[in-house]
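Contents: one structure, followed by commentary.
The values are calculated or read from the model by the stated rules, or taken from the named source; none is laboratory data. Computed from a predicted model, the values in this text were never measured in an experiment. Counting neighbours? That spans all protein chains shown, and the Cβs are built from the backbone with ideal geometry, glycine included. What goes into the accessible areas is simple: the full protein's heavy atoms, side chains included, and nothing from ligands, DNA or RNA. Shrake-Rupley method; radii C 1.70, N 1.55, O 1.52, S 1.80 Å.
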Amino acid sequence: MNISTLTDVRLELIAAARYFYQQGWMVGTAGNLSIRLSDGSFWITASGKSKGELAIDDFVRVYPDGRVEQPTEDSKPSAETAIHQVIYNLFPEAISCYHVHSVEANLVSRFVNGDALPLPPLEMLKGLGIWEEKPDCVMPIFANHLQVQQIATEIKTRFSNTPPQLPALLIRDHGVTVWAASSTAARNYIELVEYIFRYMVAARRVFGEV
């Protein structure tokens, strides 16, 4: 990632958030995006901000020791900051972590009762690092809890024992989270998983099954 200033990374997040908002994946103030810096800290969208109208001061910087840098007095870290922290700790190669709320993500999270969603063997999986022919691939599903720290703890526990097949997870009735080695890759991952979700919803409507 070739970035010369802290402002640059926030501009990347602003552009991504505006694009996701236009797709209907970050309506209102929903969702959160972050980028990790070379010192281990990361910028994350502040809580309660419209994702289609973000400005430079609508981000909070979180340091590895838990210290928070707030550009304005009313800036608070996203409620899901704990999930971003866990992802960055689990996956040292991750530079960006994106979380969006789409209708399709919530629908497919209810297609199964268990904690893993089988994915159809679509070509799009290659973009997520799955290169096997007719892959048997699943996306982990986590329960949605009012206390986000509980979700983060469950992610840490499960992934520490069983690493995921692809850099993405679902929170049931909530949304999808992806992580990647660059902000561009994270944006691509969101597009790819949302394509797969749309296919799954359409397949169930057309064929009665995925």
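Select from segment 139-152 the residues that are assigned to a strand (DSSP E or B) and touching an Asp or Glu at 6+ places or on another chain (Cβ under 9 Å) and write down the one among them that is farthest from R172 (Cα to Cα).
The qualifying residue farthest from R172 (Cα to Cα) is P140.
Run down I35, I83 and say which single residue is in contact (Cβ under 8 Å) with a residue 24 or more places away in the chain, part of a strand (DSSP E or B) and under 19 Å from V176 (Cα atoms).
Answer to the check: I35.
Output the number of the condition that K134 fails; it satisfies all remaining conditions of (1) more than 26 Å from T81 (Cα to Cα); (2) in a loop (DSSP other than H, G, I, E, B); (3) open to solvent by less than 50 Å² (accessible area, probe 1.4 Å).
(3) is the only condition that K134 fails.
Hey, among the residues in segment 121-144 that are of a type outside the set (A, V, I, L, M) and touching a strand residue (DSSP E or B) at 6+ places or on another chain (Cβ under 9 Å), which one's modelled with the lowest pLDDT?
Step by step, filter segment 121-144, then rank; the result is P135.
Please state which one of K51, K76 is open to solvent by less than 10 Å² (accessible area, probe 1.4 Å) and among the basic types (K, R).
It is K51.
Scan segment 153-183 for residues that are assigned to a loop (DSSP other than H, G, I, E, B) and in contact with a Leu (Cβ under 6 Å, 6 or more places away or on another chain) and jot them down.
Hit for segment 153-183 is L166, nothing else.
Only one residue in S102, S96 is under 20 Å from A203 (Cβ atoms) and open to solvent by less than 80 Å² (accessible area, probe 1.4 Å). Which one?
After ruling out the rest, the residue left standing is S102.
Results for (1) among the charged types (D, E, K, R); (2) open to solvent by less than 30 Å² (accessible area, probe 1.4 Å), shown as yes or no for each residue.
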site	(1), (2)
Q147	no, no
K156	yes, no
A168	no, yes
H174	no, yes
A186	no, yes
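Output the qualifying pairs, or none if there are none: Cβ atoms under 8 angstrom, residues six or more apart or on different chains, first residue in segment 7-20 and farther than 15 Å from C97 by Cβ, second residue assigned to a helix (DSSP H, G or I).
Qualifying pairs under 8 Å: Y19/R187.
Would you confirm whether or not segment 99-119 contains a residue that is within 18 Å of S183 (Cβ to Cβ) and not acidic (D, E)?
Yes, segment 99-119 has at least one match.
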